[in-house]
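Asker: The structure is given below, and queries will be raised subsequently.
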Amino acid sequence: MKLEVNSYGESYALKHALLVYESPGNQASYATKHPVQTIDGKPMIRPGAPLTEGDYKALIEGLKPKDRPTIEWNDPTILAKGMGRLVWWTSPRKRPMFFKSSSHAAKKVDGKNICPNPGLVFMAGPRTLHIFAFKGEAAPVRTTKLYQAPFFNVWSDGKVCSGNATLPEEDQRNDRDAWERFFFGSHFTHPNFGQKDRLTLGVEPCAFWQKQLNRPTKTFPESALVDINLTVNDLLALDFYERPHVRAQGEF
């Protein structure tokens, strides 16, 4: 019987022994926990006591893999992870979109269709979601310029207004699909700010999306994206959440 073992660079000393008793036919088991003492260089099992529920929980907790090396899939859509944030991207694509008139909007947009979206960068926090757009189809890098997400229900700083939509559960906060379902599974009701050329450049947002609902274009017209003087690298800054707002090109 070994007194010490080494595993994954860690040294472990023999301290306890478990004795398992079984009834005839293996229909029931009973366990006792015994201290192990080294006497004359040999391990000796000493008198023990019944294994309690606390002993069982401590045993399971102690045996759980913690820092052992594991193989994990490095998903190429993940841009950054840590400090309570998950940043990822999606390529330009068509998505089902649902619009519903709101008393908060002077102009009404109603309907549903599969509409083109630009490339998007998402940043999820513990209970928040920010969305930004980018041009092209290539995977974003740290210097990639970001643009205003051209969607209703998104503030000028990229933060999504959740309204009465249900946020992903705590165990889904690192689930990109759950966050995307949260956003695109809700109704788009109204622009969250009214400045001209701030949500969609050169066209009124309600008119833009009603036209897309009536007759979607093949791809999203990137000429409608608003430059907000932001890059992917800016999302990694520790003070990002403290910034009062994101300034669009030409704002002072």
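The values are calculated or read from the model by the stated rules, or taken from the named source; none is laboratory data. What you are looking at is a predicted structure, and each value in this text was computed from that prediction instead of being measured. No Cβ is skipped: glycine too gets one built from the backbone with ideal geometry, and neighbour counts run over all protein chains shown. In case anyone asks, the SASA skips ligands and DNA or RNA and just uses the protein heavy atoms, side chains included. Shrake-Rupley method; radii C 1.70, N 1.55, O 1.52, S 1.80 Å.
Asker: Do we have any residue at all in segment 106-128 that's exposed (fewer than 15 other Cβ atoms within 10 Å of the Cβ) and more than 25 Å from P191 (Cβ to Cβ)?
Answerer: yes
One line per residue, one yes/no per condition, for (1) modelled with pLDDT of 95 or more; (2) on the phi < 0 side of the Ramachandran plot; (3) not small (G, A, S):
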{"site": "K100", "(1), (2), (3)": "no, yes, yes"}
{"site": "T143", "(1), (2), (3)": "yes, yes, yes"}
{"site": "Y147", "(1), (2), (3)": "yes, yes, yes"}
{"site": "G158", "(1), (2), (3)": "no, no, no"}
{"site": "G163", "(1), (2), (3)": "no, no, no"}
{"site": "E170", "(1), (2), (3)": "no, yes, yes"}
{"site": "W179", "(1), (2), (3)": "no, yes, yes"}
{"site": "F182", "(1), (2), (3)": "no, yes, yes"}
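Asker: Right, another one. Could you list, in sequence order, the residues of segment 209-226 that are open to solvent by 20 Å² or more (accessible area, probe 1.4 Å) and either closer than 10 Å to P150 by Cα or not β-branched (V, I, T) (or both)?
Answerer: Going through segment 209-226, the residues open to solvent by 20 Å² or more (accessible area, probe 1.4 Å) turn out to be 210-211, 214-219, 221-223.
Within segment 209-226, Q210, K211, N214, R215, P216, K218, P221, E222, S223 meet the criteria.
Asker: Something else: Kindly list the number of the only condition in (1) under 14 Å from N117 (Cα atoms); (2) under 27 Å from the mean Cα position of the chain (by Cα); (3) of a type in the set (F, W, Y) that fails for F193.
Answerer: F193 satisfies all of (1) under 14 Å from N117 (Cα atoms); (2) under 27 Å from the mean Cα position of the chain (by Cα); (3) of a type in the set (F, W, Y) except (1).
Asker: Find all pairs meeting these conditions: Cβ atoms under 9 angstrom apart; at least six residues apart or on different chains; first residue within segment 45-67 and farther than 14 Å from K15 by Cα; second residue part of a helix (DSSP H, G or I) and at pLDDT 80 or above.
Answerer: Hits for this filter: A49/D55; L51/L59.
To keep it simple, each residue is scored yes or no on (1) out of contact with any strand residue (DSSP E or B) (no Cβ under 6 Å at 6 or more places or on another chain); (2) touching a residue at least 60 places away in the same chain (Cβ under 8 Å).
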residue: S101; (1), (2): yes, yes
residue: G111; (1), (2): no, yes
residue: I114; (1), (2): no, yes
residue: L146; (1), (2): no, yes
residue: P150; (1), (2): yes, yes
residue: E170; (1), (2): yes, no
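Asker: Return the total of residues in segment 151-160 being open to solvent by less than 30 Å² (accessible area, probe 1.4 Å) and either more than 17 Å from V232 (Cα to Cα) or among the β-branched types (V, I, T) (or both).
Answerer: Within segment 151-160, residues that are open to solvent by less than 30 Å² (accessible area, probe 1.4 Å) and either more than 17 Å from V232 (Cα to Cα) or among the β-branched types (V, I, T) (or both) number 5.
Asker: Would a scan of segment 135-143 turn up a residue that is part of a strand (DSSP E or B) and within 17 Å of I228 (Cβ to Cβ)?
Answerer: no
Asker: Okay, moving on. So which of P126, P168 is of a type outside the set (S, T, N, Q) and touching a helix residue (DSSP H, G or I) at 6+ places or on another chain (Cβ under 8 Å)?
Answerer: Answer to the check: P168.
Asker: Quick one: is F98 aromatic (F, W, Y), farther than 15 Å from D234 by Cα and touching a Lys or Arg at 6+ places or on another chain (Cβ under 7 Å)?
Answerer: Yes, satisfied.
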